[in-house]
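To start, the structure under review is shown below, and the notes come after it.
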């Protein structure tokens, strides 16, 4: 049945309309002003005193990290490698496909409540490699109705042949508007020459999704072992394919940036995670000036994206030592880059409230306390709504996945049952410890 948003204020970084209507099924097929609206027995959603904006793209995360919430392990790291050793590598070594599925139900549900409906995930699970990406798809796409792109973290910690198989099989079998695959790799410092050669030989066309120079240790390892930078090493192996996602890029050089630009790769920054791990900050402005697309992720640190937008804006002011060194326009450019990448990846049109775009949008209650127009709409979002962001309704491909702040009852039941799988994971970690 055709649905109609009425009495809507619409903003999508390109268009701003008040007192508007939107007609949609899976896609939007008409947008206009309410004086021209004729109700042909549509399902009506009244958007008075709200703002309608596109849902968000989360360009890098770790879904399985949701079961680290409240976890207590012996933790006293002095460097980045010890963070991995003492927390993340302990945890992911004990994850199986049931835990993967349940963690994805929780993470995806919380993403919906934060207005995120397109998720690009980087997965690791030591007990079950094969089938793990299908477990993610089953939860995120088939059950929750979101768009998901998945990959497995190839690393010498795991059976690399199985990692390669999982990545390639999933990517080759999933070319749908809601599901895609990339080729996952952990980081240069956890990948041997033999493994990189094997990946290069086996993976002929799938873009990679890899952490790059997150900490100085990654670069130091590449320099000491191979006498080159991380980017140079990946390039030597022919792994920097078009549309590859290079995550973090905190410690890359100007030369590395030139290679990234030449190879048509994309960078995803995750600033709150960088702060949490005390690894430094990427030079977003220099990458932007070199013409490298820079997207926004959260590295699995929570299920919000708007707090990442705020972190970028304020930390770039700190980094440039200037209150105007990074503008809201610069931030919008990064958000737009996320929509452009996701649109190309899923072969759909995302990020606009306009004809022929997917009906992926969210409705947030908002009564502006000051004048509200096209020139200042993003300022209202950033300095107003983003401080306590809570969409009331969320749609994906015209399907309502959040209604009156609530998920479907069946989803809520699945969410509640996930605690059992978290307990299984935590018990395994305690037994491993003893």
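Read-outs: derived from the displayed coordinates by stated rules, not from any lab. Note that this is a predicted model, so its numbers are computed, not measured. Here Cβ is always computed from backbone atoms with ideal geometry, including for glycine, and neighbour counts include all displayed protein chains.
Take every Cα pair under 8 Å whose residues are at least 6 apart in sequence, average their separation, divide by the length of region 56-346, and the relative contact order is 17 percent. With viscosity set to 1.002 mPa s at 20 °C, what whole-number translational diffusion coefficient in µm²/s follows for region 1-108 from Stokes-Einstein and a Kirkwood radius over Cα pairs? D, rounded to a whole number, is 119 µm²/s. Helix 97-113 axis versus longest C-alpha principal axis of the chain: approximately 40°, rounded to the nearest ten. The angle separating the long axis of helix 328-346 from the principal Cα axis of greatest extent in the chain is about 80 degrees.
Have a look at 352, 35, 233 and tell me which one the Gaussian network model of the chain (Cα, springs below 10 Å) gives the largest fluctuation. Top of the fluctuation ranking is 35. What number in nm² do you get for region 179-245 if you take the convex hull of its Cα atoms and divide its surface by four? Taking the Cα atoms of region 179-245, their convex hull projects to 4.4 nm² on average. Rounded to two decimals, the Cα radius of gyration of region 215-365 over 2.2 N^0.38 Å is 1.11. In this calculation the C-beta distance from residue 330 to residue 258 is compared with R0 = 25 Å, giving a FRET efficiency of 0.75. Quick one: Debye curve from the C-alpha atoms of region 68-124, no solvent, what's log10 I(q)/I(0) at q = 0.22, 0.25, 0.28, 0.29 Å⁻¹? Once normalised to I(0) and log-transformed, intensities are -0.98, -1.06, -1.13, -1.16.
Which one of 195, 320, 66 has the biggest mean-square fluctuation once the chain is modelled by GNM with Cα springs under 10 Å? Maximum fluctuation in the GNM of the chain, among the listed residues, is at 320. Remark on region 61-208: ratio of C-alpha radius of gyration to 2.2 N^0.38 Å is 1.03. For region 1-60, the convex hull drawn through the C-alpha positions has a volume of 101 cubic angstrom per residue.
With the highest mean first, a sort of the peptides 49-58, 405-414 on other beta-carbon atoms found within 10 angstrom per residue produces 49-58, 405-414.
When all alpha-carbon pairs of the chain are counted, what percent fall beyond 41 Å? Pairs farther apart than 41 Å: 15 percent.
Against the chain, whose longest principal axis comes from its Cα atoms, helix 216-226 is set at around 40 degrees. Each peptide in 236-244, 367-375 receives the mean, over its residues, of other Cβ atoms within 10 Å, and ordering these scores from highest gives 236-244, 367-375. Evaluated at q = 0.14, 0.19, 0.20, 0.22 Å⁻¹, the base-10 log of the normalised Debye intensity for region 290-434, with identical point scatterers placed on the Cα atoms, takes the values -0.93, -1.35, -1.42, -1.53.
Restricting attention to the chain, close to 45% of DSSP beta bridges with both partner residues there are antiparallel.
Shape summary of region 373-434, radius of gyration then Dmax from alpha carbon positions: 19.4, 61 Å. For the pair region 252-296 and region 361-405, the centres of their Cα atoms are 29 angstrom apart.
Taken over the Cα atoms of region 267-338, the convex hull encloses 82 Å³ per residue.
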